[in-house]
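Below is one structure; the comments refer to it alone.
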Amino acid sequence: MPGFKVPVDDYLFLFNEVMDMQANYKHIEGGDLATPDMLEAIFTEGAKFCENELAPLYQSGDEGCQWHQGQVTTPEGFKEAYRKYTEAGWSSLTGNPQFGGQGLPTSVSSAFNEMLNTANWAWAMYPGLSEGAVATLQDHGTDQQKQVYLSKLISGLWSGTMCLTEAHCGTDLAQMKTKAVPNSDGSYKINGTKIFISAGEHDLTENIVHIVLAKLPDAPEGTKGISLFIIPKFLPAADGSVGERNAVNCGSIEHKMGIHGNATAVLNFDDATGFLIGSPHSGLSAMFTYMNVARIGTASQGTAAAERAYQGASAYAIERLAMRSISGVKNPDGPADPIVCHPDVRRMLLTQRVIAEGSRAMVCYASQFADLYTSAVDPKKRQQGEDRLGFCTPILKGFITEQGVVAANYGVQVFGGHGYIKEYGMEQILRDSRIATIYEGTTGIQALDLMARKTLLDKFQQLKIFTSEMRRFALPYILSTKTSKSLRKYAWLTVKMAVKWRYLAFRTALQAKKNRDAIGAGSVDFLMFSGYAFMAYMWLMMAAKAEAKLESGEGDSQFFRDKLHTAEFFFERYLPQSKVHAKTITSNLDSLMGMPSDYFDNSK
Ligand SMILES: Cc1cc2nc3c(=O)[nH]c(=O)nc-3n(C[C@H](O)[C@H](O)[C@H](O)COP(=O)(O)OP(=O)(O)OC[C@H]3O[C@@H](n4cnc5c(N)ncnc54)[C@H](O)[C@@H]3O)c2cc1C
C-alpha cells in the first residue's frame with residue numbers, strides 16, 4: 001500500500017479561507033486559542049504523528065486483536081503508538097482545562113480525528129470513544145463523577161466505551177434487558193450482557209470506563225424507562241487511582257469483516273457496580289450527547305475511507321500501464337499508457353476526490369455549530385448551535401459514510417485484480433469502511449431521523465434556515481458580472497438544489513398525510529439528496545474562494561486550480577446523481593408497499 005500523506009493544505013484552506021472559523025471562535029470559550037498559527041502548528045504536528053506512527057500500523061493491524069481468558073491484546077505497535085499519543089498531549093486537545101485539557105475548540109479535534117481515522121481507523125476508535133464518554137460526563141455527571149473520571153479520560157490514562165447494544169436489540173433500545181438495582185450506598189448492581197462494544201476490552205489503558213444503558217426496577221415501558229450508568233472495569237480507589245476489579249468481563253470478541261485492530265467485545269455485567277449518570281429514566285437523552293459526538297466522528301470515517309482510497313488509487317493509476325489512450329499515445333517510450341489516461345479511471349479517481357474533499361468541507365462547516373453548542377458564551381448561540389448541528393448530523397453520518405464506501409469500492413476497482421488482493425491494502429479500506437454505515441445508527445435510521453424528526457416535526461424550520469443560507473450565498477455569484485461563467489453555473493445549480501430540497505420535503509409531507517409509509521419509503525433517498533445539496537453548497541464555497549485567490553494572485557495557485565478542476569467534476573458529473581434520488585422520493589408507494597409481507601417468504 002502506498003504511503004499516506006495528510007492533506008494539511010486542505011484543512012488550512014477550509015479553516016482559514018473557506019469557513020470564517022475565526023469569526024465563530026469569537027463567540028466561544030477557548031476560541032482565542034485557535035489562532036491561524038496555532039491551527040497550522042496543530043495540523044502539521046498532528047499530520048507527522050499520523051503519518052509516522054499510525055499509518056505504518058494500518059495494514060499490520062488488520063491481523064487483529066487476540067482474546068485470551070477475558071484479556072484482549074491489541075495488534076503489535078498499537079500500545080506504543082497510544083503511549084506516544086497521550087505523552088504528546090493529543091488526547092487532551094479539546095478537554096476542559098479544569099480537568100487538565102487544553103481547551104481548544106471542538107472543530108480542531110474534529111479535523112484531527114479525520115487524520116487519525118485516515119491513518120489508522122481501528123486504532124483511532126480507542127481514543128475516539130473516550131471523547132464521547134468525556135462529553136457525556138461533562139454534560140450530565142455529578143461534580144464528584146467529574147472529579148473522579150474526567151482528568152483520567154482527558155489525559156488518556158483511562159479510556160471510554162458506549163454500551164447500548166444487546167443481542168436482540170441495537171436500533172430498538174426499548175427492548176433492552178440489562179437491569180440496574182439500587183444498592184444501599186447509592187451505587188447500583190448491574191446485570192446483563194452487551195454485545196458489539198467497540199474498544200470494550202484492550203491493553204492500551206489501565207482502566208476502561210463503560211457508559212452503559214440499563215433499566216431500573218420501576219422503569220416505565222419503552223425508551224422513557226432507560227437510565228445511564230458509569231461502570232468502570234476497575235473501581236476507582238479513594239485516592240483516584242485504580243482500585244478493586246469490578247464484575248464486568250469480556251466474554252469474547254467478534255470475528256468480523258473489517259476494523260480488525262479494534263476489539264468488538266461481548267461484555268458480561270454480573271452484579272457489576274455502577275453509578276447513575278443524570279436522573280433515573282432519562283438515560284437515553286443523556287446518551288445522545290455521546291451519540292452526537294460519535295456520529296460526527298463516524299461521518300469523518302467516511303471522509304477517511306475516501307481519502308485513503310483516493311491516495312492509494314491515484315498513486316497506482318499514475319504507475320500502472322495498460323492499453324493505449326484512445327485519444328492518442330501518451331507514453332510513447334513505454335509498452336502502454338498509464339491507466340490514469342483512461343476516462344473511466346479518471347471518473348473513479350475524481351469521484352473519490354470530490355467525496356473526500358467535499359465531505360471534509362461538510363464536517364468542517366458543521367463543526368462550527370458543534371463549537372457553538374459545546375462552548376458558546378451566549379446561551380442563545382449555544383441553542384442555535386445545537387439546533388443547526390442536530391439537522392446536519394444525520395446528513396453527515398448517513399450520506400458521508402455511504403459515499404465513503406463508494407469511494408473505497410472504487411479504490412479496489414482502480415487496482416483491478418490487485419485491488420482484490422490483501423497485500424495491496426485496498427480491500428482492507430473497503431472492508432473497514434462498511435461498518436460506518438451501520439454503527440451509530442444505520443443509514444435507514446439516520447434517514448428517518450432527518451425526515452421525520454429533523455424536518456417534518458421541526459415544521460421545516462432548520463431546512464428553511466439551511467436552504468435560505470445556500471441561496472443567499474449563491475445569488476450574488478449569479479447576479480455579478482464579475483463572476484466567471486463556470487462559477488455562475490455552479491451558483492445557479494446550488495440554488496436549484498436548495499429549491500428542490502424544500503420542494504421534496506413538502507411533497508413527502510403531503511404524501512405522508514395520505515399514507516404514513518411515504519416517510520420511510522422516501523427517507524433514504526431524501527437523506528441522499530440532502531447530502532448532494534449540502535455538498536453542492538460546500539463545493540460552491542470552495543470554488544468561489546479558489547477563484548478569488550487565483551484572481552488576487554495570493555497563495556499556491558496550483559492548489560486553487562486543482563480545486564476548481566475538482567469542483568467542475570463535482571457539478572458536471574457527480575451532482576447529477578442527485579436527480580435519481582429526487583425522482584425516487586416521490587415515486588408511487590405501491591411498488592414498495594403494495595405486496596403482502598409473505599411475498600418475501602421463500603418457504604411458502
Ligand atoms: C463492529 C461493530 C461495532 C459496534 N460498536 C458498538 C458500540 O461501541 N456500542 C454499541 O452499543 N453498539 C455497537 N455496535 C452495534 C451497532 O450500533 C448496531 O449493530 C446497529 O445500531 C444496528 O442494530 P442491530 O444490529 O440490532 O440491527 P437491527 O436494529 O436489528 O436492524 C436491522 C435492519 O433493520 C433496519 N431497521 C430497524 N428498524 C427500522 C425502522 N424502524 N425503519 C427502517 N429500518 C429499520 C436497520 O436499519 C437495519 O438495516 C457495533 C456493531 C458492530 C458490528
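The number of residues in region 135-157 being open to solvent by 10 Å² or more (accessible area, probe 1.4 Å) and not in a helix (DSSP H, G or I) comes to 3.
Out of the residues in region 268-288 that are outside any strand (DSSP E or B) and surrounded by 24 or more Cβ atoms within 10 Å (Cβ to Cβ), which is farthest from the chain's Cα centre (by Cα)? Once the filter is applied, the top-ranked residue is 283. Just one of the listed residues (600, 559) is within 30 Å of residue 515 (Cβ to Cβ) and either at pLDDT below 95 or among the aromatic types (Phe, Trp, Tyr) (or both), and it is 600. Filtering region 473-499 to residues that are open to solvent by 80 Å² or more (accessible area, probe 1.4 Å) and among the hydroxyl-bearing types (Ser, Thr, Tyr) leaves only 481. When you look at residue 150, is it within 14 Å of the ligand (Cβ to nearest atom), of a type outside the set (Phe, Trp, Tyr) and touching a helix residue (DSSP H, G or I) at 6+ places or on another chain (Cβ under 7 Å), yes or no? No: the conditions fail for residue 150.
The number of residues in region 415-463 being β-branched (Val, Ile, Thr), within 30 Å of residue 499 (Cα to Cα) and not in a helix (DSSP H, G or I) comes to 1.
Can you find even one residue in region 519-528 that is part of a helix (DSSP H, G or I), open to solvent by 10 Å² or more (accessible area, probe 1.4 Å) and without any contact (Cβ under 8 Å) to a residue 24 or more places away in the chain? No, there is no match, as no residue in region 519-528 is part of a helix (DSSP H, G or I), open to solvent by 10 Å² or more (accessible area, probe 1.4 Å) and without any contact (Cβ under 8 Å) to a residue 24 or more places away in the chain. Per the listing 555, 531, the residue uniquely in contact with a helix residue (DSSP H, G or I) (Cβ under 7 Å, 6 or more places away or on another chain) and open to solvent by 40 Å² or more (accessible area, probe 1.4 Å) is 555. Residues that are assigned to a helix (DSSP H, G or I) and in contact with a Pro (Cβ under 7 Å, 6 or more places away or on another chain) are absent from region 101-123.
Taking every residue in region 92-120 that is at positive phi and pairing it with any residue that is in a loop (DSSP other than H, G, I, E, B), at least 6 positions away or on another chain, the pairs with Cβ-Cβ distances below 7 Å are 103/30; 103/96.
The condition (being out of contact with any strand residue (DSSP E or B) (no Cβ under 8 Å at 6 or more places or on another chain), under 14 Å from residue 301 (Cα atoms) and open to solvent by 10 Å² or more (accessible area, probe 1.4 Å)) is satisfied by just one residue among 340, 405: 405. Looking across region 316-337 at every residue that is open to solvent by 30 Å² or more (accessible area, probe 1.4 Å) and under 17 Å from residue 412 (Cα atoms), the one that is nearest to the chain's Cα centre (by Cα) is identified as 316. In region 306-324, the residues that are assigned to a loop (DSSP other than H, G, I, E, B) form Cβ pairs under 7 Å with partners that are at pLDDT 95 or above, at six or more places apart or across chains, as follows: 320/338; 320/339; 322/336; 322/339; 323/336; 323/337; 324/336; 324/337.
Looking across region 15-50, the residues that are within 13 Å of residue 112 (Cβ to Cβ), crowded, with 20+ Cβ neighbours inside 10 Å and of a type in the set (A, V, I, L, M, F, W, C) come down to 15, 34, 39, 42, 43, 49, 50. Only one entry in 199, 214, 219 is within 23 Å of the chain's Cα centre (by Cα), small (Gly, Ala, Ser) and surrounded by 14 or more Cβ atoms within 10 Å (Cβ to Cβ), namely 199. Among the residues examined, residue 504 does not qualify as without any contact (Cβ under 8 Å) to a residue 24 or more places away in the chain and not hydroxyl-bearing (Ser, Thr, Tyr). Scan region 222-267 residue by residue and report those that are crowded, with 17+ Cβ neighbours inside 10 Å and on the phi > 0 side of the Ramachandran plot. 259 - this is the single residue of region 222-267 that is crowded, with 17+ Cβ neighbours inside 10 Å and on the phi > 0 side of the Ramachandran plot. Taking the criterion of being surrounded by 12 or more Cβ atoms within 10 Å (Cβ to Cβ) and charged (D, E, K, R), the residues of region 505-518 that qualify are 507, 517. The condition (being out of contact with any Lys or Arg (no Cβ under 9 Å at 6 or more places or on another chain), open to solvent by less than 50 Å² (accessible area, probe 1.4 Å), in a strand (DSSP E or B) and within 13 Å of the ligand (Cβ to nearest atom)) is satisfied by just one residue among 160, 128, 132: 160. Taken across region 454-472, residues that are surrounded by fewer than 15 Cβ atoms within 10 Å (Cβ to Cβ), more than 16 Å from the ligand (Cβ to nearest atom) and at pLDDT below 95 do not occur at all. How many residues does region 168-213 hold that are more than 12 Å from residue 273 (Cβ to Cβ), more than 9 Å from the ligand (Cβ to nearest atom) and assigned to a loop (DSSP other than H, G, I, E, B)? Number satisfying all stated conditions: 10. Checked against (1) within 16 Å of the ligand (Cβ to nearest atom); (2) more than 20 Å from residue 438 (Cα to Cα); (3) not hydrophobic (A, V, I, L, M, F, W, C), residue 221 passes all but condition (1).
One line per residue, one yes/no per condition, for (1) of a type in the set (A, V, I, L, M, F, W, C); (2) open to solvent by 10 Å² or more (accessible area, probe 1.4 Å); (3) modelled with pLDDT of 95 or more; (4) within 23 Å of residue 4 (Cβ to Cβ):
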site	(1), (2), (3), (4)
353	no, yes, yes, yes
359	no, no, yes, yes
421	yes, yes, yes, yes
430	yes, yes, yes, yes
436	yes, no, yes, yes
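Every condition in (1) touching a His at 6+ places or on another chain (Cβ under 6 Å); (2) surrounded by 20 or more Cβ atoms within 10 Å (Cβ to Cβ); (3) farther than 14 Å from residue 126 by Cβ holds for residue 74 except the one numbered (3). With the condition kept exactly as written, say whether any residue in region 402-409 is over 30 Å from residue 162 (Cβ atoms), more than 16 Å from the ligand (Cβ to nearest atom) and of a type outside the set (D, E, K, R). Checking region 402-409: not a single residue is over 30 Å from residue 162 (Cβ atoms), more than 16 Å from the ligand (Cβ to nearest atom) and of a type outside the set (D, E, K, R). Among all residues of region 102-123, there is none that is surrounded by fewer than 23 Cβ atoms within 10 Å (Cβ to Cβ) and closer than 19 Å to residue 286 by Cβ.
Whether any residue in region 52-70 is in contact with a strand residue (DSSP E or B) (Cβ under 8 Å, 6 or more places away or on another chain) and either open to solvent by 60 Å² or more (accessible area, probe 1.4 Å) or within 25 Å of residue 550 (Cα to Cα) (or both) is what I want to check. So far as region 52-70 goes, yes, one or more of its residues are in contact with a strand residue (DSSP E or B) (Cβ under 8 Å, 6 or more places away or on another chain) and either open to solvent by 60 Å² or more (accessible area, probe 1.4 Å) or within 25 Å of residue 550 (Cα to Cα) (or both).
The values are calculated or read from the model by the stated rules, or taken from the named source; none is laboratory data. Please read all numbers here as calculations on a predicted model, not as lab measurements. Cβ sites come from the backbone with ideal geometry, for glycine too, and all protein chains shown count toward neighbours. All accessible areas refer to the heavy atoms of the entire protein, side chains included, with ligands and DNA or RNA removed. Shrake-Rupley method; radii C 1.70, N 1.55, O 1.52, S 1.80 Å.
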